[in-house]
Each structure stands twice: as structure tokens, then as C-alpha cells.
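Derivation of every value follows stated rules applied to the coordinates shown; laboratory data play no part. None of these values were measured; they are calculated from a predicted model. All Cβ positions, even for glycine, are placed from backbone atoms using ideal geometry, and neighbour counts span all protein chains on display.
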Amino acid sequence: MKKIDFHIHTIATVSDQDFTFDQSVLVDYISELSLDAIAITNHNQFDKQQYETICGNLSIPVFPGIEIDIEKGHLLVITSYEDVADFAVRCERVSALVSTATDYLSASQFKEIFSSVDKYILIPHYEKSPALLLDKVPFLTQFITCGEVNSIKKFESCKKAEDKLIPVFFSDIRIKRGLTSFPARYTYVDVDTISISSIKQAFADKSKVALSLDDRHQLTDILSNGLKISTGLTVLLGARSSGKTYTLDEISKNVDNPKYIRQFSLLTRDAELDEKKFEETLRNRCASISEEYLMPFKNVVEDVRTIYLDRDEAALEDYVRVLLKLASDADKEDIFSKTSLFSEPLFDSSDLSSLERLISAVNVLIENKEFASIIYQFVNRQSLISLAVALMKKYAEEKELLLKKAYLNDILEAIKAELRVRTAAIPIPDIDFYNLLMNKRKVNRFIQIANAVKREKVIYSKELHSFNVVATARPFTGAKGLKDLSGKVLTFSDAFAEYDEPYRYLCILRNKDELPVSDYYKYFVSIKYEVFNKYGFRASGGERSEYNLLEQLADATQYDILLLDEPESSFDNLFLKSDVNKLIKDISQIVPVVVATHNNTIGASVKPDYILYTRKVVSETGEVTYQIFSGFPTSAVLTELGGEVINKHDVLLDCLEAGEPAYIERRTTYEMPAD
């Protein structure tokens, strides 16, 4: 097995932050990680002179390569040393075409530049951003067998899946001056000799790539000092202040997307503050539930908030007043006021939104591929296309009519304005009786809906192990609830006085300029989130912390690793054994998990795949260092990174049972017969 890293940057391009390459750092990097081969892959550039200088200073194979922006994705192209002169010429063409951070090659340009594509190793960004979509470069698919991923989790997932490319895991490192900490990201390939042809063959066989020399036990390097963890569940043991948290911190720094639940992070000593924080956390977690429940009502509020019934009443009264005035002054009309256009009403305008939604819905049916077989059981594609064409034709006709009406209304307005200047008669106001009637009907319907929304009801219920989270919609009971919801220094007593009259209540909310208009709907109903234990009672302070932990663990599979620091410091053993252990084991089937502990409920009962043990060493000068020992649960000894070994049995008893005498004493107590 050979350890390789085929994604290394030595030049700062427009796609990178500025850095200065340092040859000595590259030497240190290769030495510390004991790499057997590397490739230089700068963004859209290949510097032949620099490459040859690098080769002259290293004793391992260095392959020439380039990372190309193609069709908005990234592709590593790697070739042999013998091909370097020709490769450099082709890369110059790439550099000329990709000169800014937004440039990229088209598939045809790449095909023209790298015509003999079969001689290269091609590695696209696969489970890594920016991913190269292979359907954008179909002519390359026969030459691509592997894809670069950006985490241990994705490597293991791709390796297990039959329909995924063979995964490779590289550093993507910038070798820059002053760099002293190196990522442990590389791939082992099962080859005897290192060459382009042998590595290409390995990259075509999933059994030939691994994250560890001993892949049978699913170990992977996690730190550059050689520390390994299981791709499943690793338990990190050690006395207090022995370096467990320090080790977790170092692992967290070296993983792109960690889920790190720190010791005591879910606890608080202030009960009142804890409850408020808990309720706020629940609201944030369940925000989408509130939005989904209130979305139809939000649309109603958005429609009604622009309706001003008092203005409608005033407009109607003004209309009637003018009519009466004209009737009494009929004998005073002049030639201008008697003109037909003087009192001609404007053309009404139609709302085409319903027709637009209908056209959009038909287009969705036509374009849908996932459920096409079901759709076409009931209506054929040609009928849908004909319907879409007919609807769009109707839309064009209606739109044309609207434009004509708008044009004529502009002319009418101009003529009426001229006539009004030349007469003393009062013009009849333009008024849309239909719109006034619809506004009244909308408000009445809004009142019915708002009152229905305020009725108390459970809108959501979800079980999480022994807990049940319930969301209840209920009316506000006072102005304080409204103020708390706003989070602003506002007075709501005037609004709450009209809370039982929804439209008048909305009118008062409209007068509060500090309130976003898009949030009015939230002030009609209170959404209360509560967590109940398995007995149906509201969760206590300790139970709230337990629920928080379970919620934190529930989304851990969305991360690349889960790090859990001494959960026994916050929770009792029964909860850990009955709820947490199984969940941790389930998570470890998907992402690597590292749990630091000195408790036997976690350390032993969870049955880890791998064991780490930390020990603090203080030198005569007072310098503190941490030793890390490791081994399998079935091993007799644990081995330190420097080679020292210790007895695993002693470690387990010391860390998990406070030593053998204490263990024997407790066992004797447990076995003592009752009187």
C-alpha cells in the first residue's frame, strides 16, 4: 500500500488567497505524513520550471498535474513525468483561456486541448464543491473512474455504494511559508510500484483504495502526528486533565465539518434563564412548523392589510355628495360639463394572476419527468401542450386588451383633465363599486378566518425517544405576549383591547411603524412549544438538557464527524445507557464518532470499535505534553504513537472503575444479599 496526495497547490492563482510557496514546508509535509508520492495541481496553471525544481529536491515521485475549471466544476488532470514537456504546452492554453476567477473551459475546449485524454488520470470534484457534473462532459465519463471527496464520511459512503465513483481523499493544501500544522488527508492505494498506469488501475478498483493501511478494521488517520480513529465509534479515555478535550479540539480543527458537543455546553445553573433559552431554542427549531401552519393565514393577512374600509366609505360618501350636487345644479351645466367624456368612467382592469398560475401549473405537468408515467395515464403529452398553447393564446389576448384599456384610460384622463379646467362643474369621482364590495366581503371573511385561527389546537407532535414535543396554537392572553413576540420597546395595550375584533386589531397594528408588515400575521395567534416526558408531564430542568442532547445528536449525520466530550458530566447513567448509547452507535454507522469519557456506561457499555487513551506528562522543567495510546477493544495492550505500550486492562479499570480495588469493592457491595 502506498500513501499518496494528488492535490497540492504551490502557486497562488486568482482562485486562491495569496500565499508564498516554501519548498522546506513541502519537505516537512511529506516527511511528517510519510507520503510515498504527490502531484502538483495548481488552479489552471502548470509551472514547468517550478515543478522540476520541486522534483530535484524530493526523493519521492512527483507527478505533474493541474486543477482545471471546466463547466463550472473542478477537474484534476495528472500525467507522467515523461509527458511533462507536452503537458506544459497544453496547460499554457488553459491558462490563456481561464484568466479570472469566473472563467472556465467548455467541454469542447477541454477536448480540443487534451486530445489524447486516455493517457491522463482524471479526478473530478465529486462529493466536494464545486462538483463537476459528469453529464456536462459526457465524452470524459469512460475515462473517469474515481472522484475526490472532502470527508471521511463521504469516502466511506461512496466506497460502500455500488452506483458511486471510487472515492479518493486528498489534502487540497496550499504549501505556504510558516505553515506548521498539516491536514491528515490522503489515500492509500494498493500498488507495488508507483506509476501513472499502476495508479490508474488502482483507481478503477474499490478494493485498491483505503484510508488506512489496515482497512480491515476501518481505521483512518485523523491527525498529522499519525493518530488514527475508527470510521465507526472511537472512545477516548483518560483521567481528568489528561488531554482528552485537547485531543478533541485538535481533531475538530482538522475536520472541515465537525459536530462538536462540548462538556457542559447543554447545561446552565440559572433555572429561569435555562427555561427561557430552552423555549427560544424550541421556537427556532420549530420555526418551519409555525410558518407552514400560518402560511395560508399569512396570505389572507397580506391581502387584507392594504384594505382601508374607512377610505372606501369616504370615497362612497364623496361620490353620493357629488351626485346630489350635480342634480341640484343641473341647470348650471355648460358645454364642457355636458360633454359625454366629462363623466365617462374609466375602463376596469382585469387580474390575470389566475390565468398565469394555470399556465404555470400546466407547464409543470409537461416538464415533470419523475411522475411522467402517472400523468400520461390520464392525459397525453400532446393534449397538455395544446392546452398550454391555448392558455397562452388566451393570456396574450387578455394582456392585449388590458394594454388597450390602459392606453384608452390615459387618453380619457387627459381629456377629462382638460374639460375640468374649462368648467366650473364638479366632476363625478371615479369609483369602482365592485372593488368596494369585494373589500367589504374580504374583510368579513378575514374576520371569520382570524377567529378560527385563534382557537386552541395542537398543530404538531413529534416523539424523540422518551420525549414528545408538542406545538399548540392558542390566542394571546395579554399585551405582554405581543410585546415579547415583537422583541421591541412597544406598547400593545391599545392593540390588545381590540384583539377580539380582528380587522380593527389589524388596523392598529398597521399604525405601529416599527412592526414589519410581513409579520402582522404572527400577532394573531400564539404558538407554544412544549416538551413532555414519557409520563406526560412537562420536562424538568434536567430533562430539558437530555432533550437538547438528543436533538443535537439527531442531526449529527449531517456532519463529517461527531465529537462528544464527557456526556456523563451532564447526564445520569440510566439516560446514557437507555437513550444515548444506542443513538451514538446508530450514528457511528454513518459518520465517525469520537466520545471522550471516564464513565463505564459510555466507555464500556457502548462497545466501541477503537480505544484511545490520553496521559499527561510533566517534565522536570514543567513542560506539559500529552501521550496518546490506542488499540482495539480485543487488544491486550494499547500502543503509544512513539511505540510505548501499556496494559489495556489496567487502563480500563483505572479510567472507568477508579482502579481495581474500587471496582472489587463496588462489585462486593452490589452482590451483598438483602436482610
Sites matching trypsin sites (Lys or Arg not before Pro) across region 365-402 that sit in DSSP coil, with at most 16 neighbouring C-beta atoms within 10 Å: K369
Where trypsin sites (Lys or Arg not before Pro) fall in DSSP loop in region 66-160, at most 14 other Cβ within 10 Å: K72
query: Quick one: which of K3/K582; K160/K648; K325/K416; K253/K534; K154/K253; K462/K512 span more than 27 angstrom between C-alpha atoms?
result: K3/K582; K160/K648; K253/K534; K462/K512
message: Using amide H atoms built in the peptide plane, which far-off residues or other-chain residues are under 5 Å from F63 H to H?
response: I38, A39, I40
Interchain or long-range residues, amide H under 5 Å from L236's placed H: V595, A596, T597, L612
task: Give me the net charge of S106's neighbourhood, meaning all other residues with Cβ under 15 Å from the Cβ of S106; Lys, Arg count +1, Asp, Glu -1.
output: -1
- prompt: Among 103-109, 182-188, how do they line up from the highest to the lowest mean number of other beta-carbon atoms within 10 Å?
  reply: 182-188, 103-109
Dipole axis of the chain (+1 Lys, Arg; -1 Asp, Glu on Cβ), positive-most option in G226, N284, Q377: Q377
field: Calculated Cα Rg over 2.2 N^0.38 Å (choose from (i) 1.01; (ii) 0.92; (iii) 1.38), label
entry: (iii)
- prompt: Listed here are the pairs K153/K298; K111/K208; K200/K259; which of them are more than 32 Å apart at the Cα?
  reply: K153/K298; K200/K259
- prompt: Using alpha carbons only, how many degrees (0 to 90, rounded to 10) separate the axis of helix 84-97 from the longest principal axis of the chain?
  reply: 20 degrees
message: I need the shape label for region 2-211. Rule: rounded when a/c is under 1.5, else prolate if a/b > b/c, else oblate, with a, b, c from the alpha carbon gyration tensor.
response: rounded
task: Work out the charge dipole of the chain with +1 on the Cβ of Lys and Arg and -1 on the Cβ of Asp and Glu about the Cα centre, then indicate which of Y529, L358, I166 is farthest towards its positive end.
output: L358
query: What do you get for Rg/Rh over region 334-424 if you use C-alpha atoms and the Kirkwood form of Rh?
result: 1.35
field: By average C-beta atoms within 10 angstrom, highest first, the peptides 444-450, 362-368
entry: 444-450, 362-368
